[in-house]
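Notes follow the structure.
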Amino acid sequence: MNNFSYYNPVKIVFGSGSIAGLAELLPDDTRIMLLYGGGSIKTNGVYDKVKSALCGKNWCEFSGIEPNPLHETCMRAIDMARNAKIGFLLAVGGGSVLDASKYIAAGCEYRGDPWDILAKGGEVKSALPIGCVLTLPATGSEVNEASVISRASSRQKLFFSSPMVFPRFSILDPETTYSLPLRQTVNGIVDAFIHVTEQYVAPPCNAPLQARQAEAVLLTLLEEAPKVLVNPSSYDGRANIMWAASHALNRVIGCGVPQDWMSHLIGHELTAFYGIDHAQSLAIVLPSLWRQTKSEKQVKLAQLARRVYGVGDVATDMAAADLAIIKTERFFHSLGMKTRLSDYGIDADDAAQRVSERMKTRDILLGDAPLASVVIAEILRQAK
Ligand code: NZQ
Ligand code: ZN
């Protein structure tokens, strides 16, 4: 196992009715900005519950944060927050609202252009405190220090992470997720699943506890997903998926183990260029990436096949690895998630060319072993 340090200060309040405890978690001595997205919280009753909690507090609101939140939108919120002397941000929604709130929190206190935090690794020395009411289990943003922001003007999608932007608290009420459209429910399950595999299907390093923790999250997602597809108001199904998605990216399973994240880096480019949902991009990239890198990843892929998919009696790791890829694709298809660029009308050669060109200019280490841009191009061509 590699050395690591682990820190996670997020207070989780989980369960049915937990929004009722929001008022006690919010400060009384500063102005609060409520941030939300396109209005789902107004139709599913979450807005009214949050408004009750804000009763008697000094607050204002900023709405219209879009999926794959834009720098341009966040800059408007930063201006508003600075002018209104906001001292606390309350993010109510999915990963996009939360990621935007993290960027706004950091941007409000940043000297210089906030985009530099994403594009130039500008250090986040301080940030406004954030609280969260999560309505979409997927990203793990409610329990981590990461944020992913897009810029419309340059068609970029970049991330930053800083311990300054951990939420102070996250309220996770599974009942808020009953109203999710099927597409978002499926997106969330696939995103969480791939967060685990990014930290699991990497070079082996003798960390059996982390491996089994990762397998527990994967098995939970595999078992619970069909339940919420059949019955979107299954409390237990929704609760188990919500908690599993948090565990997928609260960084515990990644302690001391090599990680990949290549599917995410390529997937972010697909979203930036073609506007497909985050999880849709991952479901396209992952199977193709595994096929291209199978010989390096065969030990963990075989372990995935045997321990998670219950594949027995397979003579070689390579054969088991093949089955892991096929079974993962089958799982995605069983949810109705597509796994090909052509499913979204995207030309594979065009994607290969655009994404690999951009990767050439990136001065970052890609994956557990850096992938050459020609390999990235091939991964996308094979995902046609
Ligand atoms: O905007 P509203 O009206 O609220 O509707 C949203 C949005 O249209 C809707 N929604 C959310 N909760 C709902 C609901 N509709 C009905 N009922 C509810 N309870 O769902 C749509 C998608 O929401 P969004 O927040 O965009 O989805 P998600 O949570 O999947 O977030 C995706 C973003 O997170 C980033 C992605 O790149 C993408 O930008 N990620 C962030 C990570 C992190 N911070 O650690 C890691 C991830 O890998 C990911 O990259
Ligand atoms: Zn993701």
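None of the figures in this text is laboratory data; all of them are computed from the coordinates on show. The shown structure was predicted, so the numbers you read here are calculated from the model rather than taken from an experiment. We place every Cβ from the backbone using ideal geometry, glycine too, and count neighbours over all the protein chains shown.
Quick notes
- Calculated diffusion of the chain, Stokes-Einstein form, Kirkwood radius summed over Cα pairs, 4 °C and 1.567 mPa s, µm²/s: 61 µm²/s
- Placing unit charges on the Cβ atoms only, positive for Lys and Arg and negative for Asp and Glu, gives the chain a dipole magnitude near 160 debye about its Cα centre.
- The loop-placed trypsin sites (Lys or Arg not before Pro) in region 46-118, going by DSSP, that have at most 10 neighbouring Cβ atoms within 10 Å of their Cβ come out as 85, 111.
- Unsatisfied cross-links (Cα-Cα over 21 Å) in the set 297/360; 300/327; 120/360; 120/157: 297/360
- Beta bridges by DSSP in the chain, antiparallel share as percent, to the nearest 5: 20 percent
- Value at 222 nm in deg cm²/dmol, rounded to 500, when DSSP H runs of n ≥ 4 in the chain each add -39,500 (n - 2.57): -15000 deg cm²/dmol
- FRET efficiency estimate (nearest 0.05) - Cβ-Cβ, residue 178 to residue 28, R0 35 angstrom: 0.65
- Alpha carbon convex hull of region 241-286, volume per residue in cubic angstrom: 83 Å³
- If you look at the Cα atoms of region 251-359, you get an Rg and a Dmax of 15.0, 43 Å.
- As a rough footprinting exposure proxy, the listed residues 333, 195, 264 were ranked by other beta carbons within 10 Å of their own, and the order from fewest upward is 333, 264, 195.
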